[in-house]
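Reading through the structure tokens given below for one structure.
All of the numbers you see were taken from the coordinates with simple rules; none came from a lab. Remember, predicted model here, so these are calculated numbers, not experimental data. Cβ coordinates were reconstructed from backbone atoms using ideal geometry, including for glycine residues, and neighbour counts include every protein chain displayed.
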Amino acid sequence: MSAPMNSDTLQAQWRQRDLDALWHPCTQMREHHSGELPLVPIRRGQGVWLEDFAGRRYLDAVSSWWTNLFGHAEPRIGAAIGAQALELEQVILAGFSHAPAIELAEELLRIAPRADSSAPLAKVFFADNGSAGVEVALKMSFHSHRNRGDDRRTRFIALSNSYHGETLGALAVSDIPLYRRIYAPLLLTPLFTPSPDAWYAQPGESARACAERAAQALQALLEREGDSVCALILEPLVQCAGGMRMYHPHYLKRARELCTRFGVHLIADEIAVGFGRSGSLFACEQAGIAPDLMCVSKGLTGGFLPLAAVLATQHIYEAFLDDSRERAFLHSHSYTGNPLACAAARATLDIFRSEPVLERNRHTAARMAALAAPLAEHPNVAEVRQTGMILALELVADRRSRAPLPAAQRGGLRAYRHALSNGVLLRPLGDVLYWMPPYCIDDAALQQLAIVTAGAIEAAVEGL
Ligand code: PMP
């Protein structure tokens, strides 16, 4: 009989098998092969904790790419998926339908943002991940203008520093050079308009005034180019992948007015900020606006399964009703509206219905603010900013001039490694450290997160 395997050996074996077979997303694989970037095979998850094969635990401070809401292995969502799997696992959604998709669509329309000044979201189209949802919204906007006889509208407006996904259409309306630049020859060229990002407020300028300045730039762009534009796409309130950059809701109000005035659709990409992340159920609510198209994904299934939904107004939907098949929206994905994913989403939304999630989050967010406050004093922290359950710290070389850390310092990587070896999964965006934990994080875990983050900051700036 062979001796029981030491748990560290087990972890190392899984790591090696991984490196022999897998190619990881958003990763320079050479850094894994060299050991510069540790690779962590995970055996199981429970609540805010991930556990590896050696029994080490990691606090998932990034909610596994911002998907998880109520903790890993949340039993109600898990049970809903299990029950659905034994009933109906998948059925084609063209010509056929099923209860989980219908009930989920009804619930999404019930909770979608509303405003007196614009038409409500009235129809739900399912896709199977965030980027695919963005593709759907872009194509729907373009095609609906065309179906209404407006052939001039062929372009999109996106914000500087935006991020909407990795597929070619979604990447085209994204503005993060690290992801976009290399593929630029393949991409549509949108019109970029300045982000209302309050980081760029001028001395003495309020976040609202900064948002107004960006709105005026948008207005000038629409006055020049509005006739050729299908839609403005934006991430409401927080540009997450762009470094958790935050802006005042005033911009959303103004963008809504301007889009209506110029006959341009407003696409709200709530993929990262939806489902309570921003403090309200949807970020658009904080500006009292409703978009023409809204994309949701990530938290939609509580972080269990890939699914996206695009909500559209009746006006957009009706533009496709015709005798001609070409005027129909023929976009499809095999797993569109998968019953298991819809069941997970229904269970997730049931939790919002039955528990005071947003109210609880307000307390958690206040604790996050209190625990992060001392970190704001650090000479290499230029800003601590927060929108609901997203808190970010911007690391710099010098807080007065806001000069960035030298690239060669690799501050973000140092912070990541420090956190990992202290039981926390922090995954900085460049030199921005952020907390975006599952909503079920308790006070002890938050305190641990704050202590490890303080150490991660020291690690990031060490030797400067
Ligand atoms: N839009 C936003 C705002 C996102 O943050 C993301 C993912 N980070 C996406 C779209 C793309 O979603 P997915 O990764 O599921 O394709």
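Side notes on the structure shown:
- For GluC sites (Glu not before Pro), the sites in region 306-368 that DSSP calls loop and that have at most 16 other Cβ atoms within 10 Å are Glu326.
- Per-peptide average of other Cβ atoms within 10 Å, ordering 266-273, 408-415, 433-440 highest first: 266-273, 433-440, 408-415
- Full-stretch length increase - Ile351, Val91 - with 0.36 nm per residue and alpha-carbon distance subtracted: 91.0 nm
- Between Ala444 and Ala376, the contour length at 0.36 nm per residue exceeds the Cα-Cα span by 22.4 nm.
- Considering only alpha-carbon pairs that sit under 8 angstrom and 6 or more positions apart, the relative contact order computed for the chain is 20 percent.
- Residues of region 114-138 with amide N under 12 Å of a point placed 7 Å along Cα→Cβ from His315: 117-121
- Sparse packing (at most 16 other Cβ atoms within 10 Å of the Cβ) combined with a DSSP loop state is found for the following GluC sites (Glu not before Pro) in region 141-247: Glu205.
- Here's the picture: charge each Lys and Arg Cβ at +1 and each Asp and Glu Cβ at -1 in region 239-394, and of Gln314, His265, Phe282 the one pushed furthest to the positive end of that dipole is Phe282.
- Lys/Arg +1, Asp/Glu -1 at C-beta; region 81-354 dipole; positive extreme among Pro190, Ala345, His331: Pro190
- Paramagnetic reach from Arg410 in region 443-464 [backbone N under 13 Å; point 7 Å along Cα→Cβ]: 460
- Chain lengthening between Ser332 and Leu22 when straightened (0.36 nm per residue, less Cα-Cα): 108.8 nm
- Among 181-191, 9-19, 305-315, the peptide with the highest mean count of other Cβ atoms within 10 Å heads the list, and the full ranking is 305-315, 9-19, 181-191.
- Rounded, prolate or oblate (a/c below 1.5 giving rounded, otherwise prolate when a/b exceeds b/c) for region 1-150 by Cα gyration tensor: prolate
- Within region 219-277, none of the chymotrypsin sites (Phe, Trp or Tyr not before Pro) combine a DSSP coil assignment with at most 12 other C-beta atoms in a 10 angstrom radius.
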